[in-house]
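J.: Pasting a structure below so you can have a look.
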Amino acid sequence: MADFSPAADRLRALLAELLPAGAVGSLVGGEILPGTGEKLTLVNPADGRPLLDFADAGADVVDAAFAAAAPAQRAWWGMTAAARGRAMWEVARLIREKAPLLAELEAISAGKPIRDTRGEVAKVAEMFEYYAGWADKLHGEVIPVPTSHLNYTRPEPFGTVVQITPWNAPIFTGGWQIAPAICAGNAVVLKPSELTPLSTIALGHLCNVAEGMPKGLVNILAGAGPSTGAQAVAHRETRLVVFVGSAQAGAQIAAAAARNIVPSILELGGKSANIVFADADLSRAVAGAQAAIFGGAGQSCVAGSRLLVQRSVQAEFVDRLARATARIPVGAPLDPATQIGPINNRRQFEKIGGMVSGAVEAGARLATGGGCPEALRETGGFFFAPTILDGVTPASAIAQEEVFGPVLAVLPFDTEEEAIALANATPYGLAGAAWTQDVGRAHRVAAQVRAGTFWINGYKTINVASPFGGFGRSGFGRSSGREALMAYTQTKSVWVETAAEPGVAFGYVG
Ligand code: NAD
């Protein structure tokens, strides 16, 4: 018999308010369908105990999701653009109405601090509001062709798009992808991580019950990657695959999409450089370096996991940073004072521990952290203290590989050129930052670091209005902003003969 805890009872109470009949399964055509595959168990990251079981969706449920999506997409695209925008505003209104419940659900099931999940749920509402505004502003153009034709373009939806998301910010990432996809006229079949599916199912439910939204436009598959996820990618009705997750899974998924002759967008991981020059406002940079790596317990794709610090201030900076880091409150997700919650799952917790001990064996100096904080050992939760490793060498594993945990690798540099070379010395290219009071240097560095997002004297601001995505091994394609609408549409070119007596030619004309 599984040992379910009070957190499990609270979770069930939240689900009773957020899901149809409180049942956990895949959301298909607005109804919850039980899976037909293997049993999967959700575990509470804060105490290691089971929260609830559900069954992997399986091929029949995947088929049902596509069958629900197609008519819903036709109905949606047949509505006026203004009506689609109004329906998306209604989704945003429902998200705001249910925000406290959604934030608590996310905090319990993903182990994220409640102060973070409140902010993330509010951002999801903003995403639907932003794209609601775009719905009737998405249009083509008239091209001045050198013939007697009127030639115009129509941005058209792909049809049904498959989205696959990871466990670190489930509802945030779900909204980040669902909102632009439906704004562009598509239907969605989204498979969230099997470790954290609940908040995405709840979001999908709000998309189904909002006034004006066709049932089945948004479908959520509760299930595992290699089974349910792979079946969705390979489905004959899939028209676009958008993947957010690790480079390893991304490569497999892009290959599977290509075999299905379907384009893909990959939002992958990173090893982002946070560069501190000696001329920076060091107090702000100390606070910024903590936010860069330790927010979300380091389980953030854009985490500033490499601190490149100019050698003349290295000792002072690392000392101040380590002392401040040791004071960051680590604890239970539902405690409003908590800034760092547990790692999402045991496997990841163990991986982080292994990477830290490997770095120390390879010669790095542990400036703070290194494992589960003493006070939290008895909880059974996957807590990992914020950790700083100084004296890291550029070629070492800890400087090259994504940890996806609260672990900062510190590397010194002497010159601006060296800082840029170090920043670019991994295969990734997701994000980066520079701290300096020299405005010319700030822009030179921003131009030369290979990254999809770059901050100057700050870190981690992202917004639905601004494009986001990776360079290099961090992926391709852009989410959010106007660029996401381009990614979620395909362009049709329409030619209209306007000549009174048009000629008919064989072969290409114009
Ligand atoms: P993961 O790649 O293991 O899993 C991500 C998703 O892919 C899950 O839903 C999983 O079930 C599914 N999946 C795995 N194998 C699959 C397959 N063969 N076919 C279909 N689906 C499959 O990643 P994770 O451990 O859940 O998340 C952590 C990773 O996500 C990190 O690398 C992180 O940097 C990255 N991430 C990137 C972004 C971004 O926007 N660039 C955002 C958040 C997280």
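Computed from the coordinates by the stated procedures, all read-outs in this text should not be read as laboratory data. Since we're looking at a predicted model, the values are computed, not measured. Cβ atoms come from the backbone with ideal geometry, glycine included; neighbour counts cover every protein chain shown.
J.: How would you order 55-64, 379-388 from highest to lowest mean count of nearby Cβ atoms within 10 Å?
T.: 379-388, 55-64
J.: Moving to a separate point now. Would you kindly derive the ³J(HN,Hα) couplings of the range 214-223 from the backbone phi angles with the Karplus curve 6.51 cos²θ - 1.76 cosθ + 1.60 (θ = phi - 60°), listing them in order in whole Hz, with x for Gly and Pro?
T.: x, 5, x, 5, 10, 10, 10, 9, 8, x
J.: State to the nearest 20 debye the size of the charge dipole of the range 14-112 about its Cα centre, where the only charges are +1 on K and R beta carbons and -1 on D and E beta carbons.
T.: It comes to approximately 500 debye.
J.: Hey, another quick one. Please work out the Cα center distance from the range 269-327 to the range 343-414, rounded to the nearest Å.
T.: Centre-to-centre distance over Cα atoms comes out at 14 Å.
J.: Ranked highest first by average number of other Cβ atoms within 10 Å, how do 183-189, 315-321 line up?
T.: By packing density, highest mean first, the sequence is 183-189, 315-321.
J.: Given a Förster distance of 45 angstrom, what is the FRET efficiency for Q400 paired with A505, based on the Cβ-Cβ distance and rounded to 0.05?
T.: Given R0 = 45 Å and the Cβ-Cβ separation, E is 0.15.
J.: If each residue of separation counts as 0.36 nm, what is the full-extension length gain between S148 and N463 once their alpha-carbon separation is subtracted?
T.: Additional length available on full extension: 109.0 nm.
J.: Next question, about the same structure. Treat each spin label as a single point 7 Å out from the Cα along the C-beta direction, and report the S493 to R311 distance in nm.
T.: My value for the distance between the label points is 5.6 nm.
J.: Work out the FRET efficiency for I456 and T41 from their Cβ-Cβ distance, taking R0 = 45 Å, and round it to the nearest 0.05.
T.: That pair, I456 with T41, gives E of 0.50.
J.: Which values, in whole Å and largest first, are the semi-axes of the equivalent ellipsoid of the chain obtained as the square root of 5 times each eigenvalue of the Cα gyration tensor?
T.: 40, 31, 19
J.: If you place +1 on the Cβ of every Lys and Arg, -1 on the Cβ of every Asp and Glu, and leave all else neutral, what size is the dipole of the range 320-475 about its Cα centre, to the nearest 20 Debye?
T.: 280 debye
J.: For A258 and R347 in one chain, what is 0.36 nm times their gap in residues minus the Cα-Cα distance, to one decimal in nm?
T.: Contour length minus Cα-Cα distance gives 29.0 nm.
J.: With a cut-off of 19 Å, note down the residues of the range 34-52 whose backbone N falls inside the zone around a label point 7 Å from the Cα of A59 toward its beta carbon.
T.: 34-39
J.: Given a cut-off of 30 Å, name the pairs among K351/K460; K123/K215; K98/K351; K191/K351; K215/K492 whose C-alpha atoms lie farther apart than that in the structure shown.
T.: As for pairs spanning more than 30 Å Cα to Cα, those are K98/K351.
J.: Report the label-to-label distance for E17 and A326 in nanometres (one decimal), using points 7 Å from each Cα along the Cα→Cβ vector.
T.: 4.1 nm
J.: Which length gain, in nm to one decimal place, applies between V209 and D9 when the Cα-Cα distance is subtracted from 0.36 nm times their residue separation?
T.: Value of the extension gain: 69.5 nm.
J.: Turning to a different aspect of this structure: Return the long-range amide H neighbours of W455 (sequence gap of 5 or more, or a different chain), with a cut-off of under 5 Å between placed amide H atoms.
T.: Result for W455 returns G432, A433, A434.
J.: Hey, another quick one. May I ask for the net charge around L27, where only other residues with Cβ less than 14 Å from the Cβ of L27 are counted and Lys, Arg are +1 while Asp, Glu are -1?
T.: Net local charge, L27 excluded: +1.
J.: Which value, in debye to the nearest 20, describes the size of the charge dipole of the chain about its Cα centre when Lys and Arg Cβ atoms bear +1, Asp and Glu Cβ atoms bear -1, and nothing else is charged?
T.: 240 debye
J.: Along the charge dipole of the range 411-474, pointing to its positive end and built from +1/-1 on Cβ of Lys, Arg, Asp and Glu, which listed residue (S466, Q448, L430) has its Cα farthest out?
T.: Of S466, Q448, L430, it is S466.
J.: Enumerate the calculated ³J(HN,Hα) couplings along the range 11-27 in order (Karplus 6.51 cos²θ - 1.76 cosθ + 1.60, θ = phi - 60°), each rounded to whole Hz, writing x wherever the residue is Gly or Pro.
T.: Karplus-based 3J(HN,Hα) across the range 11-27 equals 4, 4, 5, 5, 5, 4, 8, 9, 10, x, 6, x, 7, 9, x, 8, 9 Hz.
J.: With θ taken as phi - 60° and the coefficients 6.51, -1.76 and 1.60, list the Karplus ³J(HN,Hα) couplings across the range 103-115 in order, rounded to whole Hz; mark glycine and proline as x.
T.: Values, residue by residue: 5, 5, 4, 5, 4, 6, 7, 9, x, 8, x, 4, 5 Hz.
J.: What is the set of long-range amide H partners of L40 at a cut-off below 5 Å, with H atoms built 1.01 Å from backbone N?
T.: Amide H to amide H, under 5 Å and 5 or more residues apart or across chains, L40 pairs with F54, A55, D56.
J.: Which listed residue (G58, P155, P166) has the Cα farthest towards the positive end of the charge dipole for the range 52-190, taking +1 on Lys and Arg C-beta and -1 on Asp and Glu C-beta about the Cα centre?
T.: Final value for the positive-end residue is P155.
J.: Okay, moving on. Need the C-alpha centroid separation for the range 1-56 versus the range 198-224, integer Å.
T.: Between the Cα centres of the range 1-56 and the range 198-224 lies a distance of 16 Å.
J.: Determine how many Å³ per residue the convex hull of the Cα atoms of the range 226-283 encloses.
T.: Here the figure is 115 Å³ per residue.
J.: While we're here: What residues have an amide H closer than 5 Å to that of Q490, excluding those fewer than 5 places away on the same chain, when H is modeled at 1.01 Å from N in the peptide plane?
T.: For Q490, whose amide H was placed from the backbone, the distant partners under 5 Å are E156, F158.
J.: Another question, then. Among 349-359, 190-200, how do they line up by average Cβ neighbours within 10 Å per residue, starting with the highest?
T.: Peptide ranking by packing, descending: 190-200, 349-359.
J.: Based solely on C-alpha atoms, express the radius of gyration and the Dmax of the range 1-123 in angstrom.
T.: 17.0, 53
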